[in-house]
1. Step by step: first the residues of the range 139-155, then only those that are open to solvent by less than 90 Å² (accessible area, probe 1.4 Å) and among the aliphatic types (A, V, I, L, M), then the one that is farthest from D40 (Cα to Cα). Which residue is that?
2. Output the number of the condition that N108 fails; it satisfies all remaining conditions of (1) over 26 Å from G54 (Cβ atoms); (2) touching an Asp or Glu at 6+ places or on another chain (Cβ under 7 Å).
3. Within the range 55-64, is there a residue that is under 30 Å from E37 (Cβ atoms), among the aliphatic types (A, V, I, L, M), surrounded by 14 or more Cβ atoms within 10 Å (Cβ to Cβ) and touching a residue at least 24 places away in the same chain (Cβ under 8 Å)?
4. Return the pair list, or none, for Cβ contacts closer than 8 Å from residues in the range 156-170 that are modelled with pLDDT of 70 or more and among the β-branched types (V, I, T) to residues that are open to solvent by less than 100 Å² (accessible area, probe 1.4 Å) and assigned to a helix (DSSP H, G or I), at least 6 apart or on different chains.
5. Take K116 and decide whether it is under 24 Å from A36 (Cα atoms) and among the basic types (K, R).
6. Right, E94: of a type in the set (D, E), open to solvent by less than 90 Å² (accessible area, probe 1.4 Å) and out of contact with any Lys or Arg (no Cβ under 7 Å at 6 or more places or on another chain) or not?
7. Would you call K116 open to solvent by 90 Å² or more (accessible area, probe 1.4 Å) and in contact with an Asp or Glu (Cβ under 9 Å, 6 or more places away or on another chain)?
8. Going residue by residue through the range 137-153, is there one that turns out to be over 30 Å from R38 (Cβ atoms) and either of a type in the set (A, V, I, L, M, F, W, C) or under 41 Å from the mean Cα position of the chain (by Cα) (or both)?
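The values are calculated or read from the model by the stated rules, or taken from the named source; none is laboratory data. All figures in this text were calculated on a predicted structure; none of them were measured in a lab. All Cβ positions, even for glycine, are placed from backbone atoms using ideal geometry, and neighbour counts span all protein chains on display. Just so you know, the surface numbers come from the protein's heavy atoms only, side chains and all, with ligands and any DNA or RNA stripped out. Shrake-Rupley method; radii C 1.70, N 1.55, O 1.52, S 1.80 Å.
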Amino acid sequence: MPTKRNTGAFDFSTMMADWPGMSDWPMPAFSNWAFAEREDKMEAKAIASFQKMGQTMWTHAEQAFSDHMDFVSHRLHEDFECAKSLSQCVAPEETMAKLQDFYSKMANEYQQHFEKQAALFRDSFSENAAAVEELNETAMESVSELSKAAEESLEEVKQAAGKSTSRRKTATTAKS
């Protein structure tokens with residue numbers, strides 16, 4: 001199993017050193033453990049943002065459906081009450097007055113219901129926009145952190161290359 005000291009089978013940097021002309025070229029280590037911890041933290045933040053958006057969506061959808069079912073139930077009750085009261089009317093003027101009252105009340109209730117539903121949608125959108133902003137910040141942080149890790153990895157390779165060059169010079173000087 002690979003460790004920080006033993007990089008495992010997929011460390012291509014050791015193979016690259018054997019290729020002619022490649023020993024002087026700085027090759028980042030593919031199995032650099034500096035990437036792993038940073039990637040784990042960023043992945044956790046990204047997944048948390050997606051989970052927050054999903055939770056917000058389901059909570060608001062549940063609230064919207066519950067409110068809508070309450071509204072439909074109320075409207076159905078009002079419709080039956082209107083039909084019952086119309087059956088008891090004796091004069092056309094009385095019928096027209098009840099219908100006018102029923103339709104104006106119904107229009108007001110539909111308008112209020114639509115405003116409630118629009119407010120729920122607006123709230124859900126605002127909360128999810130905040131989660132998307134967090135996700136955007138995580139993406140920017142990811143780029144920054146991975147750039148730092150790549151720079152650190154490249155620096156390690158340069159230091160290792162400098163040590164091997166000084167060893168070669170020492171070995172060449174000792175042979176002469």
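1. L154
2. Of (1) over 26 Å from G54 (Cβ atoms); (2) touching an Asp or Glu at 6+ places or on another chain (Cβ under 7 Å), only one is false for N108: (2).
3. Start the filter on the range 55-64 by keeping residues that are under 30 Å from E37 (Cβ atoms), which leaves 55-56.
Retained after the next criterion (residues that are among the aliphatic types (A, V, I, L, M)): none.
No, every residue in the range 55-64 fails to be under 30 Å from E37 (Cβ atoms), among the aliphatic types (A, V, I, L, M), surrounded by 14 or more Cβ atoms within 10 Å (Cβ to Cβ) and touching a residue at least 24 places away in the same chain (Cβ under 8 Å).
4. Short answer, once both residue conditions are applied: V157/S13.
5. Working: under 24 Å from A36 (Cα atoms): no; among the basic types (K, R): yes.
Answer is no for this residue.
6. yes
7. Answer is yes for this residue.
8. No, the range 137-153 contains no residue that is over 30 Å from R38 (Cβ atoms) and either of a type in the set (A, V, I, L, M, F, W, C) or under 41 Å from the mean Cα position of the chain (by Cα) (or both).
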